[in-house]
Structure formats: structure tokens, C-alpha cells
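Read through the structure below, which is laid out as C-alpha cells, and then see the notes.
The values are calculated or read from the model by the stated rules, or taken from the named source; none is laboratory data. Keep in mind that what you see is a predicted model, and the values were worked out from it rather than measured. Cβ sites come from the backbone with ideal geometry, for glycine too, and all protein chains shown count toward neighbours.
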Amino acid sequence: MFWILVQKELKTIIQSPKFVTTFLTCSILILLSVYVGIQDYKISLNKYAAAQSLVKNEMEAASTWLELENKIYRKPNPLQIFSAGINNDLGRFSLISQSHDIKLESSSYSEDPIFAFFRYLDFTFIVTIVLSLFAILFTYDSVNGEKESGTLKLVFSNSIPRSTFLGAKFFGSWLGLITPISIPILISILFLLLFNISLTSSQWITLILYIITSFGYFTFFIALGIMFSSFTKTSSSSFLISLVVWISFVFIIPRIGTMLAGQFVDIPSLAEIESMKDSFSKAKLNEQFEKIEQLQLKRENEMQGFSESEKEIYKEENEWEWMKEESAITKEMQDASVQYSNKLNEEVRNKKNKMERLALALSRFSPASSFQLASMNMIQTDIDLKNRAEDNLKEYKNSFVDFITKKQNKNGSGPGGIRVSLSSLTGVQVEDKRGKDKLDFTELPVFTEPELSLANIIQPAVMDIGLIAIYIFISFGISFAAFLKFDLR
């Protein structure tokens, strides 16, 4: 009897006027989103390659180690085709040099503000909003609709357990909606092969798990529609309640979580942070001038009573040591500014992490948030992408600066620089080699983005996937409990 009821549910869905419209709409949206995502990914790859070549030319044009700078660009991720996450909000590159902090600049949305307003239509967006709404539209009258049409009483004129009927309703609805949607999804995967999108084995596994998670999220809204249909008397009531709950889950709860977290955790604005850094740097600069002024005054006192010729000889003998003393003071002040900047950045980052954890915890009361977080974690376009990128860039900056420092200590300012020498016999000699030699980059550290293992990719998403499963069981459990008391007449 179970399979007869499943077949009946399948026929009801397939023969419904809504089915063809829904299937065509979903197919067009899914295929269009993947195609646009593939084209956007290819454009990003071309920009990445062009930027790499441009950076190489700029570095080769440098004539001294002191002026050498590097730019590191984030490599596009092929799985961003399905879930863009915060990828387009994040800067594409960071300047790497001795005097610059790590800061990701020039995001895709800053170059194309129109997309920042309308956002990209990716697969995650379609599942989160469109497919979940369609699941509600097909299931809000699953039980009470049959009562209104009189078929429910006819079905239970036979000896059928209520659990069997509800299970058949759920499975039939799931099969009738998931199977058609699987067709454009399979075609989308075929698009990856046709357009030569290269994925690693771990990325293929991640993509499969991501699609399964999408089905799980879709399943929740099927169970939710059946749940409201089981404890309301009329289909119009269940539709209204389902729509209100859908709006709350998809739009309201995720935003309320973020707003509440922002009220509990106070984070200084970017302008305030820059002002604090600037004030500290100015204070250290004034301190540097005062120390150098005191040194110069001390030297003048040491030369009191000297004749002009004796002063010149004394200055010539101590010029190099004085330069080293002043250079040490300058370096001390610069190091203090860098340390303060790093400390301030770390404090702000910790506050942001605290706010993000609170916001995510509150937003997880919504299955839509759980699905989006699980998707972004698996695709690696999650909120932590910025922190991971900056940490990797900081590690590279340390090795880059160490390399530059060693070259400066070994070669002065390096090939193509200006070498200044002092001698009592020849006086000051300046040797300018700019343009004569090129810098040797054979030992220059190369930046490589570390690849996360499959376990590290899946682990952050496990909790959200588990929450979706819990939401499904809760919805179906409430449906079963409500249907046991449902009036069949």
C-alpha cells in the first residue's frame, strides 16, 4: 500500500499545472547561474594571469632592493561557480613590502558596483530562495488539501496506518520534486567538463557533498510544508503560515542575528583604526626628532673649544657612527609603529571574530543560514576566507622582507643602487649604478596558496549539515504527532 500511495503522490505532482512551470523555471535558473559562473570564473582566471605577468614586469623594473615591492593576487577557486560567498566582496590582491601592512584591495564589487547591488545569481542563492519556496508551494496542502477534496476519507476507508500515509506523502513529494531538479544539476556538472573547468579529486568530492547538502535543505522545506498541512484545517491557513515562516527563515532571522551581535560587540570603524595608527606614528616621529636633536646637541657640546679644522676632522671621523646612531633611532621608532599597528589589527580582528561567532550562532536558528554557511565552508568562500588569506600573506611577507633585508645587508642598496663612501683622503664618493645591473630574483621566495585537505574543508560544515538534518527530523516528527490527531472527516 505504501508504494501505491507514493505513485499516487507522484502522479498528483507531475500532473499538477504548477509542475511544468516550476521545472522549467528551476532548470533555466540553475543552468543560467552555472553558465554565468563559469564565464565569470574564466574572466577571473584571465585577469589573474595578466596580473601575474604585470607584477613580474614591475619587479624586474626595480633598480634597488629597497624599492622592490610585490603584489600577491588571490587565485580564483573553480567551485566559486556554485557559491560565490564573500569571494567578490574580498580584495583580489595585497601589496607586499617592508613598509606596507597586509591589506586586500580592489574587490570585484569595487570594480563593478552594479553587481554589489544586485549580487550574482549563483546556485546557492537559487536553492536558498527559489527551490525552498517551490517546495512550500507543492506541499502546503498535502494533507488538508486532500481533506478538502474528499480523497483523504476515501484513502482511510481502507486499513492504512497513518504513519504509512504520512511516510508515503513525504517520500512521494520528495521523489517527485528532487528527480526533476536533478536533471539541470547533472547538466550543470556536464558544463564543467564541456568548458574544461579543472577540478581536483577533493573538489569533486566537495561538489558532490555540496549538492547532497542542497537536497537536504530542500528536503527540510518539503517536511515543513507537510508539517503545516498536518495541523491546520484549511489549505489557505497552511499556505499563509508556511509563507510567513519561509520569509522568517530565509530573510529575517539571519539578519536579526547579525544586528544583535553588532549591538553586543563594539568594533571600531576603519576610520577610527587609521586615526589611532596615525596618532601613534606622529607621536613616535616627534619622539624620533627629539632624540636626534638631543644627540646633535650632545655632539655640539663635545666639540666645544675645538677650532673649525678640528671640528671638521672630528665630524669626518665620527660621521659614520653618527649616521648609524640616527638610523638605529629611526628603525626603533618604525619598529614600534609596526608593532603597534600589528597589535591594533590583532585586537580588532579578535573583536570581529567574536562578533562573527555570535552572529553565526544566532543566525543558525534559521535552516537557510545553516545551509549557506555549510555551502560556503565547503566551497571555501566562507567568512573566514579573509583571515586565511591574510594569514598566508603575512607568512609570505615575513619571508619576503627577510630576503630583502639579507640582500640589502649583503649588497648595500643592491644592484642598480647608489653607494656612498667616506674617506679622509678622497672625501665623499658617490657611485651610481642605477640601470647598469638587474636584481637577481632566483632566490626570491615564491608565494603558494596552501591547499586545505578534504577533512579540513568538510569539518567546519559538519555542524551546519547536522543542524539541517535535525530540522528535518523535527519537522517530520511534528508532522507525525499532528497527523495522529488530525480529523479525517
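Things worth noting here:
- Of all the listed residues (Ile383, Ile418, Ile457), the sole one being touching a strand residue (DSSP E or B) at 6+ places or on another chain (Cβ under 7 Å) and either farther than 30 Å from Tyr314 by Cα or at pLDDT below 90 (or both) is Ile418.
- Taking (1) on the phi < 0 side of the Ramachandran plot; (2) out of contact with any Gly (no Cβ under 7 Å at 6 or more places or on another chain) in turn, Ile13 satisfies each apart from (2).
- In the set (1) in contact with a helix residue (DSSP H, G or I) (Cβ under 8 Å, 6 or more places away or on another chain); (2) farther than 21 Å from Ala51 by Cα, Asn88 fails one condition alone, (2).
- The numbered conditions (1) part of a strand (DSSP E or B); (2) closer than 30 Å to Ile126 by Cα are all true for Lys71 except (2).
- Any chance Asp112 is buried (at least 18 other Cβ atoms within 10 Å of the Cβ) and acidic (Asp, Glu): no
- Looking across the stretch 148-193 at every residue that is in contact (Cβ under 8 Å) with a residue 60 or more places away in the chain, surrounded by fewer than 16 Cβ atoms within 10 Å (Cβ to Cβ) and among the aliphatic types (A, V, I, L, M), the one that is farthest from Ser132 (Cα to Cα) is identified as Ile160.
- Residue check for Ile160: of a type in the set (A, V, I, L, M, F, W, C) and assigned to a helix (DSSP H, G or I): no
- Any chance Thr213 is in a helix (DSSP H, G or I), of a type in the set (Val, Ile, Thr) and buried (at least 18 other Cβ atoms within 10 Å of the Cβ): yes
- Counted residues, the stretch 194-210 - those being surrounded by fewer than 19 Cβ atoms within 10 Å (Cβ to Cβ) and within 30 Å of Ile474 (Cβ to Cβ): 3
- Taking (1) under 30 Å from Leu270 (Cβ atoms); (2) at pLDDT below 90; (3) touching a helix residue (DSSP H, G or I) at 6+ places or on another chain (Cβ under 6 Å) in turn, Ser106 satisfies each apart from (3).
- Check on Glu69, in contact with a strand residue (DSSP E or B) (Cβ under 8 Å, 6 or more places away or on another chain) and surrounded by fewer than 18 Cβ atoms within 10 Å (Cβ to Cβ): yes
- When residues of the stretch 115-137 are limited to those that are hydroxyl-bearing (Ser, Thr, Tyr) and under 19 Å from the mean Cα position of the chain (by Cα), the one surrounded by the fewest Cβ atoms within 10 Å (Cβ to Cβ): Tyr120
- Test: residue in the stretch 69-80 that is touching a residue at least 12 places away in the same chain (Cβ under 8 Å) and of a type in the set (Val, Ile, Thr): yes
Per-residue answers, yes or no, for (1) within 18 Å of the chain's Cα centre (by Cα); (2) without any contact (Cβ under 8 Å) to a residue 60 or more places away in the chain; (3) surrounded by 13 or more Cβ atoms within 10 Å (Cβ to Cβ):
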{"position": "Phe2", "(1), (2), (3)": "no, no, yes"}
{"position": "Leu5", "(1), (2), (3)": "no, no, yes"}
{"position": "Phe23", "(1), (2), (3)": "no, no, yes"}
{"position": "Leu29", "(1), (2), (3)": "no, no, yes"}
{"position": "Lys42", "(1), (2), (3)": "no, no, yes"}
{"position": "Ala61", "(1), (2), (3)": "no, yes, no"}
{"position": "Ile102", "(1), (2), (3)": "yes, no, yes"}
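- Lone qualifier among Leu295, Leu260 - being in a helix (DSSP H, G or I) and over 26 Å from Ala359 (Cβ atoms): Leu295
- If only residues of the stretch 216-227 that are crowded, with 23+ Cβ neighbours inside 10 Å and among the β-branched types (Val, Ile, Thr) are counted, the one that is nearest to the chain's Cα centre (by Cα) is Ile222.
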